[in-house]
Amino acid sequence: MVKDPAPSEYTSLYYGRLAFEAYAASTDNRSLVSGEQLPAWHDLGSGVQEAWIAAAEAIRARIVRAINDR
């Protein structure tokens, strides 16, 4: 798993990688679509990394909105 950085380093990249690695850990590092072994984060293409980052950022933004709406 990703080593937790200092709070000032919690970036979209960090959350994207964290989400990908959580998915990989929950599937025994296998794709649920193809069954193939998942690559490490640094071996993913930039488009795939960007998709994980976008997904994680959307979730983070929704959580922040929910907290602020309290």
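The values are calculated or read from the model by the stated rules, or taken from the named source; none is laboratory data. Keep in mind it's a predicted model, so treat the numbers as computed, not measured. FYI the Cβ positions are ideal-geometry reconstructions off the backbone, even for glycines, and counts take in every protein chain you see. Calculation scope for accessible area: heavy atoms of the full protein, side chains included, ligands and nucleic acids excluded. Shrake-Rupley method; radii C 1.70, N 1.55, O 1.52, S 1.80 Å.
Summary table below
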| quantity | calculated |
| --- | --- |
| Unique match (being open to solvent by 60 Å² or more (accessible area, probe 1.4 Å) and not acidic (D, E)) among I53, I63 | I63 |
| Per-region count, segment 23-44, residues closer than 23 Å to S12 by Cα, of a type outside the set (S, T, N, Q), at pLDDT 95 or above and loosely packed, with under 13 Cβ neighbours inside 10 Å | 3 |
